[in-house]
Amino acid sequence: MKVIVASLNPAKLRAVKQGFSHHFSESITEFIPVEVESGVSEQPRSDEETRQGAGNRARNAGLARPDADFWVGLEGGIEMIGDQLIAFAWMAVLGANGRLSEARSVSLPLPPAVRDLVDSGLELGEANDRVFATVNSKHEGGAFGLLTNGRYTREGVYAQTLSIALIPFVNALYQPK
């Protein structure tokens, strides 16, 4: 089985491998990262824009590398709900049969200091690095890891969400009759 991952981010690649390993044997799966456009803002600022970015990435990965069984798009986003900035992600999995399955991660409330930096125009990863005095945290545990002292990580949350997005491909209840 060959899986094309629409990201070069190491944390996202590890998440895809984990998510697929919940449903498929790792020994028969090849994961190939590709860089493709999301067609949305560099920092998506709504649920819909983030979802669209994940789907676009999965479809664009399919166009870039059509020789696969699955194409995966992962997109992290933020959204204001009231006066609270929330971080979350969408996972999109495109199957060789043309079926697209999507799932959204849990939501993470971000601290005011991060919100202020994002409001000034910084991307979430850079804002987190400044507030938490880290470097390139989005390639590691991300905001989830920083705010939970590593109990939850970007990789882990993305892997769980991806595993959920794969359910229609592996559960008989979703198969055509």
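The values are calculated or read from the model by the stated rules, or taken from the named source; none is laboratory data. This one's a predicted model, so the numbers in the text were calculated from it and none came from an experiment. Glycine also receives a Cβ, built like all others from the backbone with ideal geometry; neighbour counts cover every protein chain displayed.
Quick check on the stretch 1-19: of everything there that is part of a helix (DSSP H, G or I) and aliphatic (A, V, I, L, M), which residue is modelled with the lowest pLDDT? Can you show your working first?
Looking only at the stretch 1-19, we keep the residues that are part of a helix (DSSP H, G or I), and these are 10-19.
Then drop every residue that is not aliphatic (A, V, I, L, M), which leaves 11, 13, 15-16.
Numbers: 11: 93, 13: 96, 15: 96, 16: 97.
Ranking the qualifying residues of the stretch 1-19, first place goes to 11.
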Query - Hey, residue 155 surrounded by fewer than 20 Cβ atoms within 10 Å (Cβ to Cβ), acidic (Asp, Glu) and over 24 Å from residue 67 (Cα atoms) or not - result: no
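So that you can scan it fast, the table gives a plain yes or no per residue for (1) surrounded by fewer than 13 Cβ atoms within 10 Å (Cβ to Cβ); (2) touching a helix residue (DSSP H, G or I) at 6+ places or on another chain (Cβ under 6 Å); (3) under 18 Å from residue 154 (Cα atoms); (4) touching a residue at least 60 places away in the same chain (Cβ under 8 Å):
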| position | (1), (2), (3), (4) |
| --- | --- |
| 101 | no, yes, no, yes |
| 107 | no, no, yes, no |
| 111 | no, no, yes, no |
| 116 | no, no, no, no |
| 120 | yes, no, no, no |
| 126 | no, no, yes, no |
| 131 | no, yes, yes, no |
| 138 | no, yes, yes, yes |
Query raised in the report: Looking only at residues in the stretch 20-43 that are at pLDDT below 95 and outside any loop (DSSP other than H, G, I, E, B), which one is nearest to residue 155 (Cα to Cα)?
Result: 21
Requested in this report: Taking the options 8, 13, name whichever one is in contact with a Pro (Cβ under 8 Å, 6 or more places away or on another chain), farther than 22 Å from residue 98 by Cβ and in contact (Cβ under 8 Å) with a residue 24 or more places away in the chain.
Outcome: 8
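Let's see how each residue does on (1) within 18 Å of residue 13 (Cβ to Cβ); (2) modelled with pLDDT under 95:
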| residue | (1), (2) |
| --- | --- |
| 86 | no, no |
| 102 | no, no |
| 129 | no, yes |
| 135 | no, yes |
| 141 | yes, yes |
| 148 | no, yes |
| 162 | yes, no |
Query raised in the report: What are the pairs, 6+ residues apart or on separate chains, where a residue within the stretch 149-162 that is touching a residue at least 60 places away in the same chain (Cβ under 8 Å) has its Cβ under 9 Å from a residue that is of a type in the set (Val, Ile, Thr) and assigned to a helix (DSSP H, G or I)?
Result: 158/16; 159/16; 162/16
